[in-house]
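Everything below concerns the one structure shown next.
The values are calculated or read from the model by the stated rules, or taken from the named source; none is laboratory data. What you see is a predicted model; the values in this text were computed from it and never measured. All Cβ positions, even for glycine, are placed from backbone atoms using ideal geometry, and neighbour counts span all protein chains on display. Ligands, DNA and RNA are stripped out before the accessible areas are found, and what is left, the full protein with its side chains, is counted by its heavy atoms. Shrake-Rupley method; radii C 1.70, N 1.55, O 1.52, S 1.80 Å.
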Number of protein chains: 2
Amino acid sequence: MEKVKFTNNGNCFESESESKDKKGSSSLLFLGTGCSSAVPNVLCLIQPSNPPCEVCTQSLSIPPEKNPNYRCNTSLLIDYSNDDGEHKYILIDVGKTFREQVLRWFTRHSIPQVDSIILTHEHADAVLGLDDIRAVQPFSPTNDIEPTQIYLTQFAMDSVAEKFPYLVQKKLKEGQEVRRVAQLDWNIIKNDLEEPFVSSGLQFVPLPVTFSESILPRCYEFTIFPI
Amino acid sequence: MEKVKFTNNGNCFESESESKDKKGSSSLLFLGTGCSSAVPNVLCLIQPSNPPCEVCTQSLSIPPEKNPNYRCNTSLLIDYSNDDGEHKYILIDVGKTFREQVLRWFTRHSIPQVDSIILTHEHADAVLGLDDIRAVQPFSPTNDIEPTQIYLTQFAMDSVAEKFPYLVQKKLKEGQEVRRVAQLDWNIIKNDLEEPFVSSGLQFVPLPVTFSESILPRCYEFTIFPI
């Protein structure tokens, strides 16, 4: 039986095993639940309407951690405790506000790293924080770390490769000793097949969905199962 | 005669005309003075060394506005008061932390918009906030606003066009009524010629400089003159 509880900070759901052989607890950490521009909308603050927008204006007086209307780009961190009690951290989407989300929530919930990443689509609010993934990877002076597994569609891969060519390039250039960039191992989610894949010990079933003006289903939701 | 004064928040230099016919004051607002990863380095917080990094750890107890070691990506806002007393706001570089810089400093210093933009180079800490420029432009329901003038080299233009194709595309697609993206008018700084250009009433002389491993001078500093 799984128990889901709501913690007092309003941003973390914990799912705790109640079996006799309790091995630990998993949790879902909502790093962001806002729209693509995030909330507050900056325009509401620097060019305020009359009367001013109540929701956005709260950010001028209430600190983000106490303000339920301070909402970064949509993103979820799965803290998965496996049968050995080992925690794996699976990040879904890495948007424009990723660094801010890490500063706020990783520090508060003692999240030490990201073990794997899943991208739902290629828009700025889902991928534009990828440059900062290096900050949640292990440090080595020569950056010869194990690459973090990352899952995305071929469509998203093509877009990300144009935005971040240095995150896709594997080889050192002549005379280059260290590539001080995020180390990522790119995995393509097979298109339209709803074929499951495994990321850090959890099985994900991609469910293609259409997105705004797009005709092709190039955005994904996921159903998640322990394996 | 120009007077430069240092304001109490440690982030704004004001240059005030002392002529009898005082028309207003200009100022330089340092939106960020940090490195490409910005400070704090997230890694120092989520995987702390022993003893922990003193500089980065300050961010856990001192709010950013009181912490001189909380430093976003390097960026400068020129608040230029022209002969008519009209203020023009010229932004140099739009890095990864741009939204955070606007939330913090535009609101504190009552900056209502950005009038023109200059990019020094094409790296993430100088351009990756461009998606958020729409938030510092005027709002119209159909987004038929005057585009903001933006200046950059051809090398940077090629890179930005791959990262943000929707910010370069001008035409509406079939059936599309509104392009709810930043409206920008792209201007190429002529390469290697040190040829001045004018942005929001100020003349800028680009000075090519080399950058880290790059052989070609594809990064620019600027000397600025009133015209």
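Quick notes on this one:
- Pairing each residue of the range A:74-103 that is outside the structural domain of A:Val198 (by TED's automatic domain parsing) with any residue that is assigned to a strand (DSSP E or B) and of a type in the set (S, T, N, Q), provided the two are 6+ apart or on different chains, yields no C-beta distance under 9 Å.
- Boolean, A:Phe204 is at pLDDT below 80, farther than 29 Å from B:His123 by Cα, out of contact with any Gly (no Cβ under 6 Å at 6 or more places or on another chain) and of a type in the set (Phe, Trp, Tyr): no
- Any hit, the range A:125-145, residues being at the interface with chain B (Cβ under 9 Å from one of its Cβ atoms), touching a strand residue (DSSP E or B) at 6+ places or on another chain (Cβ under 7 Å) and open to solvent by 20 Å² or more (accessible area, probe 1.4 Å): yes
- Of the numbered criteria (1) outside any strand (DSSP E or B); (2) open to solvent by 60 Å² or more (accessible area, probe 1.4 Å); (3) in contact (Cβ under 8 Å) with a residue 40 or more places away in the chain; (4) not small (Gly, Ala, Ser), the one B:Asn50 fails is (3).
- For B:Tyr151: the one exception among (1) away from chain A (no Cβ under 11 Å); (2) free of Cβ contacts under 8 Å to residues at least 24 places away in the same chain: (2)
- The residues of the range A:49-98 that are within 14 Å of chain B (Cβ to nearest Cβ) and within 17 Å of A:Ile117 (Cα to Cα), listed by number, are A:Asn73, A:Leu77, A:Asp79, A:His87, A:Tyr89, A:Leu91, A:Val94, A:Gly95, A:Lys96, A:Thr97, A:Phe98.
- Selection from the range A:124-153 of residues that are in a loop (DSSP other than H, G, I, E, B), in contact with a helix residue (DSSP H, G or I) (Cβ under 7 Å, 6 or more places away or on another chain) and under 22 Å from A:Phe222 (Cα atoms): A:Leu128, A:Gly129
- Taken over the range A:70-100, the residue count meeting the criterion of being among the polar types (S, T, N, Q) and not in a loop (DSSP other than H, G, I, E, B) is 3.
- Among the numbered conditions (1) hydroxyl-bearing (Ser, Thr, Tyr); (2) open to solvent by less than 50 Å² (accessible area, probe 1.4 Å); (3) in contact (Cβ under 8 Å) with a residue 24 or more places away in the chain, the only one that A:Ser36 does not meet is (2).
- Applying the criterion of being open to solvent by less than 60 Å² (accessible area, probe 1.4 Å) and over 27 Å from B:Leu43 (Cα atoms) to the residues of the range A:160-202, the residue that is nearest to the other protein chains (Cβ to nearest Cβ) is A:Ile189.
- Hits in the range B:168-194 - residues which are modelled with pLDDT of 75 or more and closer than 25 Å to B:Pro208 by Cβ: B:Val168, B:Leu184, B:Asp185, B:Trp186, B:Asn187, B:Ile188, B:Ile189, B:Lys190
- Which numbered condition B:Leu103 misses (of (1) open to solvent by 10 Å² or more (accessible area, probe 1.4 Å); (2) more than 10 Å from every other protein chain (Cβ to nearest Cβ); (3) in a helix (DSSP H, G or I)): (2)
- Selection within the range B:133-167 - under 27 Å from B:Val209 (Cβ atoms) and under 14 Å from the mean Cα position of the chain (by Cα): B:Ile133, B:Thr148, B:Gln149, B:Ile150, B:Tyr151, B:Leu152
Matching residues to (1) closer than 18 Å to B:Arg104 by Cα; (2) touching a His at 6+ places or on another chain (Cβ under 9 Å); (3) modelled with pLDDT under 95:
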| site | (1), (2), (3) |
| --- | --- |
| B:Ser26 | no, yes, yes |
| B:Val39 | yes, no, no |
| B:Val55 | no, no, no |
| B:Leu60 | yes, no, yes |
| B:Pro63 | yes, no, yes |
| B:Lys66 | yes, no, yes |
